[in-house]
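What follows draws every value from the coordinates through simple rules; no lab data is involved. This structure is a prediction, so every number in the text was calculated from the model and none was measured. Glycine also receives a Cβ, built like all others from the backbone with ideal geometry; neighbour counts cover every protein chain displayed.
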Amino acid sequence: MPNILLIGNGAREHALAEAIARSEQKPRIFSFMKTNNPGIASLSAKVLLGRYADLEAITGFAVENKIEFAVIGPEDPLNNGVADALSRINIPSVGPTQSLARLETSKSFTRNLVSKYHIPGNPRFRVFKVIDGVEAFLNELEGIVLKPDGLTGGKGVLVQGDHFATPQEALNLCKQILAEGSSLIVEEKFDGEEFSLQCLCDGKTVVGTPLVQDHKRRFDGDKGPNTGGMGSYSLADHSLPFLKPQDLLDGLEITRQVAAALLAETGSLYKGVMYGGFIATKDGVKLLEYNARFGDPEAMNILPLLKTDFVEVCRHIIAGTLDQLKIEFEHKATVCKYVVPKGYGLPSDHPDAASSKAKIEVGHVGKARLYYSSVDQKEDGLYLSASRAIGIVGIADTLAEARKIAEEGVKAIKGPVAYREDIGTDALIQKRVDHLKKIRKD
Ligand code: GLY
């Protein structure tokens, strides 16, 4: 009976806890969480609440509970060196060291790595520490993307057309970013359709999992501010309706080359998840960014479909033997819809902003799966926080059925909440297909 340490408190970690709990090895889960996620707690033998920067508390909890290995869900503990601290006491992790997690935590590191090792997929880009040269480079680009160099929770990227209109406005934003002390990456903007390719990696072998498309905008029709992700879908054939088979192969090849480059550059094996945010464009597949973890919500699309024992998958990642394991996923479609406080993503003076402290009731979600995210379980019930509250997932043979199951599940959450109705609909998917067809001139 292995004892496994799970770090993280979101819906992604709830899905991870469920995948671990399904193992035939009958593992015992020990959860270290920032806040008490009732779903994770219900699957855990023991819970410790604490900060992801408290390495002493995490390692102490691991030693006390004779942990075989840790699974690190979010980027913050990776950035804080939790895998390094556990490794120093001989506890391996599924989740890279602080240095390797730069794949996500330093956008300049990854852009420079891809460029240095001549890996395809990069846009035209430059990294700036001072404003000199920024204006000239902005004027060279047809479309502009600005990225502060660090963790931004998916909300720090500024895109021309969404966040600013002209190169002059971009220049003012660049000055602000640099004044805040961050380095700045200025990139060429791509036009295309985005997809998430979450790969498992033992340092040498890279294994792809079913493709997923996330929806970052807060409102239906891809309107409103960017969020951490309002929901996502995947298809039974593990592809996406707007992609060609070559697109997946290209994303996988880029990721394989990046894993090899990480080893060549750092001398260390990357053990964990390499989640590539890619975009299919008229010139093929391009790399938007990597994350050093599963996606949230995307983890909820793929982990429930995993047929291979997840504890075995983790052991092979740690042992460096992923090439010897057949990893299989059920051929089902999935739709994940995030239930969020009505005020989520809106300015703090918006009338709906107060919804983030409200109590909610969770009724019967029918055939849907429910994954708790940022909720606060108090003695008198369940409360919303400022962030995404509950992921509801429908799984079925077809996308239409999966969406229906997710919709029915969402309706069981009562309170001042909202969600995106359009995720997984034919109309939205057709819009994506038509868009890519148009720019690829297929
Ligand atoms: N789905 C976006 C993220 O996990 O960063």
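For residue 56 and residue 386, what is the calculated FRET efficiency with R₀ set at 25 Å and r taken between the beta-carbons, to the nearest 0.05?
The formula returns an efficiency of 0.30 here.
Subtract the Cα-Cα distance of residue 22 and residue 328 from 0.36 nm times their separation in residues, and report this length gain in nm to one decimal.
Contour length minus the Cα-Cα distance gives 108.7 nm.
Mind checking the dipole of the stretch 312-418: about its Cα centre, +1 per Lys or Arg Cβ, -1 per Asp or Glu Cβ, Debye to the nearest 20? Intermediate values should be presented prior to the final figure.
Working: 15 positive and 14 negative charges, 34 e Å.
Dipole of the stretch 312-418, to the nearest 20 debye: 160 debye.
FRET efficiency for residue 131 and residue 421, Cβ-Cβ distance as r, R0 = 45 Å, nearest 0.05?
0.55
Which shape class, rounded, prolate or oblate, goes with the stretch 43-96 when its Cα gyration tensor gives a ≥ b ≥ c as root eigenvalues, a/c under 1.5 marks rounded, and past that a/b bigger than b/c marks prolate?
It comes out rounded by the Cα gyration axes.
Please identify every one of the GluC sites (Glu not before Pro) in the stretch 3-109 that sits in a loop by DSSP and has no more than 15 other beta carbons within 10 Å of its own beta carbon. Walk me through the numbers before you get to the answer.
Working: sites: 13, 18, 24, 56, 64, 68, 75, 104; in loops: 24, 68.
The qualifying sites are 24.
Based on DSSP, what percent of beta bridges with both residues in the stretch 121-280 are antiparallel, to the nearest 5?
Around 95 percent antiparallel, to the nearest 5.
Could you list 159, 71, 206 so that the one with the fewest beta carbons within 10 Å of its beta carbon is first and the one with the most is last?
159, 206, 71
What's the FRET efficiency of residue 140 with residue 115 using the Cβ-Cβ distance as r and R₀ = 25 Å, to the nearest 0.05? If you can, show how the numbers build up before the last one.
Values: r = 17 Å, r/R0 = 0.67.
It comes to 0.90.
Please report the antiparallel percentage of the DSSP beta bridges confined to the chain, to the nearest 5. Kindly include the intermediate steps, with their values, before the conclusion.
Details: 61 of 77 bridges.
So the antiparallel bridges amount to about 80 percent of the total.
Report relative contact order for the chain in percent, whole number only (criteria: Cα-Cα under 8 Å, sequence separation at least 6).
Relative contact order for the chain comes out at 16 percent.
Run the simple label-point estimate for residue 216 and residue 49 please: 7 Å along Cα→C-beta, distance reported in nm.
Result: 3.3 nm between the two label points.
What value, in deg cm²/dmol to 500, does the helix sum -39500 (n - 2.57) over DSSP H runs of n ≥ 4 give at 222 nm once divided by the residues of the chain?
Rounded to the nearest 500, the figure is -9000 deg cm²/dmol.
Please work out how much length the chain gains when fully extended from residue 352 to residue 163, using 0.36 nm per residue of separation minus the C-alpha to C-alpha distance, in nm with one decimal.
Extra length from residue 352 to residue 163 when fully extended: 65.8 nm.
Assuming 0.36 nm per residue, please report the length gained on full extension of the stretch residue 65 to residue 266 beyond their Cα-Cα distance.
69.2 nm
Just to check I understand the Karplus step: with θ = phi - 60° and J = 6.51 cos²θ - 1.76 cosθ + 1.60, what whole-Hz values come out for the stretch 167-172, glycine and proline as x?
Karplus values, whole Hz, x for Gly and Pro: x, 5, 5, 4, 4, 4.
From the phi of every residue in the stretch 313-319, what ³J(HN,Hα) in whole Hz does the Karplus formula 6.51 cos²θ - 1.76 cosθ + 1.60 yield, where θ is phi - 60° and glycine or proline is x?
Result, rounded to whole Hz: 4, 4, 4, 6, 4, 5, 7.
Where does each of 431-440, 314-323 land if you order them by average Cβ count within 10 Å, highest first? Show your work: numbers first, answer last.
On the way: 431-440: 15.4, 314-323: 18.4.
Going from most to least packed, we get 314-323, 431-440.
List the trypsin sites (Lys or Arg not before Pro) in the stretch 317-362 that DSSP assigns to loop (not H, G, I, E or B) and whose Cβ has at most 12 other Cβ atoms within 10 Å. Which are they?
In loop regions of the stretch 317-362 (DSSP not H, G, I, E or B), the sparsely surrounded trypsin sites (Lys or Arg not before Pro) are 326.
So what is the relative contact order of the stretch 97-210, in percent, for Cα pairs below 8 Å that sit 6 or more residues apart? Write down the numbers at each step before the final one.
On the way: 143 pairs, mean separation 32.6, N = 114.
For the stretch 97-210, the relative contact order is 29 percent.
Go through the stretch 117-204 and name the GluC sites (Glu not before Pro) that are in a DSSP coil and have 10 or fewer other Cβ atoms within 10 Å of their Cβ.
Answer in residue order: 142, 180.
Once you have a ≥ b ≥ c as the square roots of the Cα gyration tensor eigenvalues for the chain, tell me rounded if a/c is under 1.5, and otherwise prolate or oblate according to whether a/b is larger than b/c.
Working: a/c = 1.34, a/b = 1.16, b/c = 1.16.
Note, shape of the chain comes out rounded.
Determine the distance separating the Cα centre of the stretch 1-77 from the Cα centre of the stretch 224-289; give it in Å without decimals.
Centre-to-centre (Cα) distance: 27 Å.
About its Cα centre, what dipole magnitude does the chain give when the only charges are +1 on Lys and Arg Cβ and -1 on Asp and Glu Cβ, stated in debye to the nearest 20?
My answer is approximately 300 debye.
Give the Rg/Rh ratio for the stretch 184-260, taking Rg as the radius of gyration of the Cα atoms and Rh as the Kirkwood radius, to two decimals. Each step should come with its number before you reach the end.
Numbers: Rg = 14.5 Å, Rh = 14.4 Å.
Radius of gyration relative to Kirkwood radius: 1.01.
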